[in-house]
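Heads up, the thing below is written out as structure tokens.
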Amino acid sequence: MRQALPQLDLKKLEQPEFSHGETLQITGLTADTLLTWHKRGVVQKIGERDQGGRGHRRKYSVMNLAYLLVLKQLAGKMPLLAAGIAAVNSTAGIIGTFMLLRYTENADEIDALPSLFLVSYEDEAGQPKFEVFTNKEGQGLPVVPLGGIEKWMRKLNIQSATILDIVSLTLTLFWKIADVKENRSPRKSRQ
């Protein structure tokens with residue numbers, strides 16, 4: 001019999017708790033890339049500093065990490081601003097997927113979850129676009145078209161696209177977060 005899980009406090013996922021170094025470790029970004037994105041204003045509002053002024057370190061929330069992870073996947077494949085918009089829209093899918101994953105106990109149950117796919121591409125006019133699809137009806141999102149994403153792409157004359165599996169990204173993100181948190185514990189207990 002399954003035990004009831006504690007209510008997930010979504011506000012806690014917005015609270016900055018990860019250091020700059022932990023953020024780099026979780027997202028796989030380089031310090032130069034993250035700094036460049038801050039300077040270009042793509043991540044301007046995230047990574048709040050613990051205090052103002054020089055020498056104070058940025059802290060990142062789980063929501064920030066989800067955004068950065070998607071942005072990393074899309075950067076270089078579409079204009080950075082468009083990638084940022086797609087990343088913002090993907091963050092809700094990642095958090096929703098995490099909420100569902102909390103109730104799974106094995107790989108079969110994970111496989112039974114609705115899939116979410118972010119498809120980013122350029123339309124015929126060269127404008128960056130993105131769509132989010134699911135594989136199950138009733139999720140409030142478009143269902144993967146009959147014949148699959150590839151047929152949908154041919155129908156719209158989309159020559160190339162980046163397809164992100166939101167469930168896989170979510171699993172990766174929270175696995176890395178758990179790893180970082182686990183590695184924090186021994187240092188704190190020794191002090």
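The values are calculated or read from the model by the stated rules, or taken from the named source; none is laboratory data. Predicted, not measured: the structure shown is a model, and the values here were computed from it. Here the Cβ is made from the backbone with ideal geometry for all residues, glycine too, and neighbour counts use every protein chain on show. Protein only, heavy atoms only, side chains kept; ligands, DNA and RNA dropped before computing areas. Shrake-Rupley method; radii C 1.70, N 1.55, O 1.52, S 1.80 Å.
A Cβ distance below 7 Å, combined with a sequence gap of six or more or placement on separate chains, defines the contacts here; from the range 92-106, residues that are loosely packed, with under 14 Cβ neighbours inside 10 Å reach residues that are in a helix (DSSP H, G or I) in the pairs Thr104/Ile110.
Considering the range 90-191, the qualifying helices (runs of 4 or more DSSP H), each wholly inside and each with 2 or more residues that are touching a helix residue (DSSP H, G or I) at 6+ places or on another chain (Cβ under 6 Å), run over 166-190. If the condition is being more than 16 Å from Thr97 (Cβ to Cβ), touching a Pro at 6+ places or on another chain (Cβ under 7 Å) and either of a type in the set (A, V, I, L, M) or crowded, with 16+ Cβ neighbours inside 10 Å (or both), then the range 132-162 contributes only Trp152. Scanning the range 110-141 for residues that are without any contact (Cβ under 8 Å) to a residue 12 or more places away in the chain, more than 19 Å from Gly76 (Cβ to Cβ) and more than 21 Å from the chain's Cα centre (by Cα) yields Ala125, Glu137, Gly138.
The rows are residues; the columns are (1) closer than 18 Å to Ile26 by Cα; (2) hydroxyl-bearing (Ser, Thr, Tyr); (3) modelled with pLDDT under 90.
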{"position": "Arg102", "(1), (2), (3)": "no, no, yes"}
{"position": "Glu105", "(1), (2), (3)": "no, no, yes"}
{"position": "Leu116", "(1), (2), (3)": "no, no, yes"}
{"position": "Tyr121", "(1), (2), (3)": "no, yes, yes"}
{"position": "Gly126", "(1), (2), (3)": "no, no, yes"}
{"position": "Gly147", "(1), (2), (3)": "no, no, no"}
{"position": "Met153", "(1), (2), (3)": "no, no, no"}
{"position": "Ser160", "(1), (2), (3)": "no, yes, yes"}
{"position": "Val180", "(1), (2), (3)": "yes, no, no"}
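In the set Leu24, Leu29, Leu34, Leu8, which member is more than 20 Å from Val88 (Cβ to Cβ) and either modelled with pLDDT of 85 or more or surrounded by 13 or more Cβ atoms within 10 Å (Cβ to Cβ) (or both)? Step through it out loud before you land on a result.
Values: Leu29 fails: more than 20 Å from Val88 (Cβ to Cβ); Leu34 fails: more than 20 Å from Val88 (Cβ to Cβ); Leu8 fails: either modelled with pLDDT of 85 or more or surrounded by 13 or more Cβ atoms within 10 Å (Cβ to Cβ) (or both).
So the residue among Leu24, Leu29, Leu34, Leu8 that is more than 20 Å from Val88 (Cβ to Cβ) and either modelled with pLDDT of 85 or more or surrounded by 13 or more Cβ atoms within 10 Å (Cβ to Cβ) (or both) is Leu24.
Taken over the range 42-86, the criterion of being at positive phi, modelled with pLDDT under 85 and open to solvent by 30 Å² or more (accessible area, probe 1.4 Å) is satisfied by Gly53, Gly55.
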